[in-house]
Structures are given as structure tokens and as C-alpha cells.
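The block underneath contains the structure these notes are about, expressed in C-alpha cells.
The values are calculated or read from the model by the stated rules, or taken from the named source; none is laboratory data. Every value quoted in this text rests on a predicted model; they were computed, and no experiment measured them. Using ideal geometry, Cβ is built from the backbone for each residue, glycine included, and neighbour counts are taken over all protein chains shown. Note: accessible area is taken over every heavy atom of the protein model, side chains too, but ligands, DNA and RNA are not part of it. Shrake-Rupley method; radii C 1.70, N 1.55, O 1.52, S 1.80 Å.
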Amino acid sequence: MPYVQRAPPRAPPYCSHGRPLTLLANTVRLQAIAHSGLGLVAANTFARGTHHVEELSIDGPASVMLRRAPDGRCVIAVSDPTTKRRSVSVTVRGRSLRLLSADEGVRARRVPGGIRLSVRTHHAYGRGFTAALRR
């Protein structure tokens, strides 16, 4: 069978220049987008290990949404789509971040260069947990 060279895949129309939606990752380990108009980053991770996207470091499988407000606040939502993990950890990079509020089951601690959220997801059955931060 002869070798057929295929053209590289083209970005979908929503990823065009001047559009607010940006495809950050689309692999078997990580899918992520950003919407500049909404200040939103959304990521789904499917494998073990640490996944990096924008200012987020996500440990293991998780669904994470981060929304930044112009006044320096940001709200993060975290869930375990596998429904099998006891906890999910996410680090948000930013030296001056501090916790404003969090759902029950969310713990925050300062780490070098940011804040680490540990979310107790055991028996949450995919439910999302939120925390509000300020820069």
C-alpha cells in the first residue's frame, strides 16, 4: 500500500484569530479551552500525573473550571468525573492569591508560587465543589 501524506488538521472555526475561544489542549490526557471574553479556563484530565494548563496544575483525572473577574477575584470549580477518587488537588499559580470562601470539603494551603486546593470528592458522585480566591 503506498504511503499517503495527509494534510495537517486545521483548527476548527471557533479557534480562529479574533475569536474569544482558544483550544489549549486536545490530547488523550487533557482537553482544555479558554474563553477570553468570559475569563474562563475549562479543563478535563483523564490520566494520572500532573497536568498543566494556563495557571492550573491538576493532579490526576478531574474536571476544573476557573473564571477570572476583572477585580482580581477568581472562582474555581472542581469535580471528579470518574466518581472513584477520594480527593482531587489543583494548584492555582499566583503568589498573591488568598482564599475568600470555599464549599465544605475544600481545603486551601499556600504553596510556593500559588495556592493548592484539596477537594474531598469521596461519595460526591461527580458533584462540583467551588472556591473563591482573590489576587
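Filter segment 85-99 for residues that are surrounded by fewer than 13 Cβ atoms within 10 Å (Cβ to Cβ) and not polar (S, T, N, Q) and give the result.
As a first pass, look at segment 85-99 and keep what is surrounded by fewer than 13 Cβ atoms within 10 Å (Cβ to Cβ): 86, 95-96, 98.
Within segment 85-99, R86, R95, R98 meet the criteria.
Can you tell me which residue is surrounded by the most Cβ atoms within 10 Å (Cβ to Cβ) among those in segment 39-56 that are small (G, A, S) and on the phi > 0 side of the Ramachandran plot? I'd like the intermediate steps shown before the answer.
If we filter segment 39-56 for residues that are small (G, A, S), which is where we start, we get 39, 42-43, 47, 49.
If we keep only those that are on the phi > 0 side of the Ramachandran plot too, we end up with 39, 49.
Details: G39: 14, G49: 11.
It comes out as G39.
Suppose the filter is more than 22 Å from T22 (Cβ to Cβ) and in contact (Cβ under 8 Å) with a residue 12 or more places away in the chain; does R68 pass it?
Working: more than 22 Å from T22 (Cβ to Cβ): no; in contact (Cβ under 8 Å) with a residue 12 or more places away in the chain: yes.
Spelling it out, it is not the case that R68 is more than 22 Å from T22 (Cβ to Cβ) and in contact (Cβ under 8 Å) with a residue 12 or more places away in the chain.
Taking into account only those residues within segment 126-135 that are open to solvent by less than 80 Å² (accessible area, probe 1.4 Å) and not in a strand (DSSP E or B), which is nearest to D80 (Cα to Cα)?
Filtering segment 126-135 for residues that are open to solvent by less than 80 Å² (accessible area, probe 1.4 Å) and not in a strand (DSSP E or B), the one nearest to D80 (Cα to Cα) comes out as G126.
Find the residue count for segment 57-84, including only residues that are crowded, with 17+ Cβ neighbours inside 10 Å and among the acidic types (D, E).
Adding up the residues that qualify gives 2.
For a quick check of your reading of the model, give me the residue pairs whose first member lies in segment 47-62 and is of a type in the set (K, R), whose second is part of a loop (DSSP other than H, G, I, E, B), with beta-carbon atoms closer than 6 Å and at least 6 apart or on different chains.
Here the result reads R48/G60, each pair linking segment 47-62 to a residue that is part of a loop (DSSP other than H, G, I, E, B).
Quick one: which residue in A102, A132 is within 16 Å of the chain's Cα centre (by Cα), of a type in the set (G, A, S) and closer than 20 Å to A69 by Cα? Steps first, please.
Details: A102 fails: within 16 Å of the chain's Cα centre (by Cα).
Going through A102, A132 in turn, just one is within 16 Å of the chain's Cα centre (by Cα), of a type in the set (G, A, S) and closer than 20 Å to A69 by Cα: A132.
Strands (runs of 3 or more DSSP E) wholly in segment 18-97 with at least 1 residues that are of a type in the set (D, E, K, R) - which ones? Talk me through it step by step, then tell me what you get.
Working: elements: 21-26, 30-35, 40-45, 50-53, 56-59, 62-68, 73-79, 87-93.
The qualifying strands (runs of 3 or more DSSP E) are 56-59, 62-68, 73-79, 87-93.
May I ask you to list the residues in segment 100-125 that are within 27 Å of L38 (Cβ to Cβ), in contact (Cβ under 8 Å) with a residue 24 or more places away in the chain and either open to solvent by less than 30 Å² (accessible area, probe 1.4 Å) or not in a strand (DSSP E or B) (or both)?
D103, G105, V106, G114, I115, L117, S118, V119, T121, A124 - these are the residues of segment 100-125 that are within 27 Å of L38 (Cβ to Cβ), in contact (Cβ under 8 Å) with a residue 24 or more places away in the chain and either open to solvent by less than 30 Å² (accessible area, probe 1.4 Å) or not in a strand (DSSP E or B) (or both).
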